[in-house]
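The values are calculated or read from the model by the stated rules, or taken from the named source; none is laboratory data. Quantities reported herein were computed from a predicted structural model and do not represent experimental measurements. Cβ placement follows ideal geometry from the backbone for every residue including glycine, while neighbour counts extend to all protein chains displayed. Heavy atoms of the whole protein, side chains included, go into the accessibility calculation; ligands, DNA and RNA do not. Shrake-Rupley method; radii C 1.70, N 1.55, O 1.52, S 1.80 Å.
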Amino acid sequence: MMQTSELSALLDTLCPMFVMVDDQGRIVNAGPTLQKLRPGHPMRGRGFLDVFELVRPRTVTTIAGLLSLAGGKVHLKFHDEPRTALTGLIAPLPKGNGAIINLSFGISILDAVRDYALTSADFSGTDLAIELLYLVEAKTAAMEASRSLNLRLQGAMLAAEEQAVTDMLTGLKNRRAMDVVLGHLISGNSVFALMHLDLDFFKSVNDRLGHAAGDFVLQQAARIMEEETRNEDTVARIGGDEFVIIFKGLVDESVLTDIAGRLISRLCQPMMFQGAPCKISASIGTALSTQFGTPDAAELLNAADQALYEAKRQGRSRHCLYSALAASGLKPASSQ
């Protein structure tokens, strides 16, 4: 007959998570991995129910009831923290001398490996737990790599989309973005104003101080336009020194005239580039969507352009409303 010590030595190798209890429920021996879970509290000699809490079956509350579950499964938790969940299979010892309960982590194995720093040496050589962990780690790594790639691709796509509608020099919207905004406003029957702004004397800055100075002036002009407009407005650079500002929901001519006045006043202030003053001004023409029965983007742009031309004809650094031209007898371009 195999002695208890010999059986324990055998179980240490085959079932490192076993616990052997006598007929009184006292722990005779515990596998090395199980004991590793409570390194500072030897289990040998302690009552099984003092170390573990029986979770299922709920009807079992005593050692006698536990030992009667030959071949039965139990679900346990440690009484102290961390309260790792364990699953056990009960195998009674001969002649009612107690039982061997082979424990495993079940679905809590990932938490257990993390909490107790377990390695492959802590499991039986035939235990599939380590292979499972490798699979989980591989899957996690693959999912993380996939998520990272998706985020990079999404970021690249968003950056490409943003770049497609952005003027790279000034950071403003470009003509394509302006067309999209106009299309949305017109299809949604929204009221809005369209302001066409052209920088006067910009060519002389380029000719006198070079393109670097010209780029600087365009960037400063863009900043001023953004500062003088609302977040819901759209400021777009549609050409070399041409800009369009779309004011959503704003068709008050006096308010628009005030905004144009502030823009002209600020743009007329010299901009210093490498110690040299860059002097420009601005001419502005404005058209309102409410001036047309069925607004059309090309028609509105042409109307604002006509108003801009009139502002330049009157001496530049001016603002002209298309409504003033219409009142003087000029018809919309589409019906000329």
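Rounded to the nearest 20 Debye, what is the dipole magnitude of the stretch 144-251 about its Cα centre when Lys and Arg each give +1 and Asp and Glu each give -1 at the C-beta?
Working: 11 positive and 16 negative charges, 54 e Å.
In total the dipole reaches around 260 debye.
For Thr294, the solvent-accessible surface computed with a 1.4 Å probe is close to 120 Å², ligands and nucleic acids excluded. When +1 charges are put on Lys and Arg Cβ atoms and -1 charges on Asp and Glu Cβ atoms, the dipole computed for the stretch 4-126 relative to its Cα centre reaches about 220 debye. Note on the chain: helix-only mean residue ellipticity at 222 nm, from DSSP H runs of 4+ residues weighted -39500 (n - 2.57) and normalised by residue number, equals -13500 deg cm²/dmol.
Working with all protein chains in place, sort His75, His196 by solvent-accessible area computed with a 1.4 Å probe, largest first. Walk me through the numbers on the way to the answer.
Working: His75 55, His196 15 Å².
My answer, sorted largest first, is His75, His196.
As an exercise, use a Förster radius of 56 Å and the Cβ-Cβ distance of Leu49 and Arg152 to find the FRET efficiency, rounded to the nearest 0.05.
0.55
Between Glu227 and Ser204, the contour length at 0.36 nm per residue exceeds the Cα-Cα span by 5.7 nm.
Count the net charge of all other residues whose Cβ sits under 11 Å from the Cβ of Leu169, scoring Lys and Arg as +1 and Asp and Glu as -1.
Working: positive: Arg237; negative: Asp167, Asp215.
Computed value for this residue: -1.
Quantify, in whole percent, the carbon and sulfur part of the accessible surface of the stretch 188-290 (1.4 Å probe; protein heavy atoms only).
On the way: 2130 of 4380 Å².
Summing carbon and sulfur atoms, their accessible area is 49 percent of the total for the stretch 188-290.
When you count, for each residue, the other Cβ atoms within 10 Å and take the mean per peptide, how do 224-232, 212-220 rank with the highest first?
Those peptides, ordered most packed to least, come out 212-220, 224-232.
When nucleic acids and ligands are ignored and a 1.4 Å probe is applied, Met272 ends up with an accessible area of around 110 Å².
When the accessible area of the stretch 4-126 is split by element with a 1.4 Å probe, what percent falls to carbon and sulfur?
Details: 3600 of 6430 Å².
Ligands and nucleic acids excluded, carbon and sulfur reach 56 percent.
Taking the charge dipole of the chain about its Cα centre, with +1 at Lys and Arg Cβ atoms and -1 at Asp and Glu Cβ atoms, the residue from Val74, Ser283, Leu325 reaching farthest to the positive side is Val74. Computed with a 1.4 Å probe over protein heavy atoms only, the accessible area of Ser124 comes to about 20 Å².
Once you list every other residue whose beta carbon is under 13 Å from the beta carbon of Gly98, what net charge do they have if Lys and Arg are +1 and Asp and Glu are -1? All intermediate terms of the calculation are to be shown ahead of the outcome.
Details: positive: Arg26, Lys95; negative: Asp22, Asp23.
After counting each charged neighbour, the total is 0.
If you run the Gaussian network model on the chain, springs between alpha carbon atoms under 10 Å, then out of Ala177, Ala164, Ala30 the most flexible one is Ala30.
Note: relative contact order over the chain, using C-alpha pairs below 8 Å and six or more positions apart, is 12 percent. DSSP beta bridges fully contained in the stretch 213-336 are about 70 percent antiparallel. Placing unit charges on the Cβ atoms only, positive for Lys and Arg and negative for Asp and Glu, gives the chain a dipole magnitude near 320 debye about its Cα centre. Averaged over its residues, the stretch 175-327 has an accessible area of 46 Å² per residue, based on protein heavy atoms and a 1.4 Å probe.
Taking other residues whose beta carbon is less than 15 angstrom from the beta carbon of Asp22, and scoring Lys, Arg as +1 and Asp, Glu as -1, yields +2.
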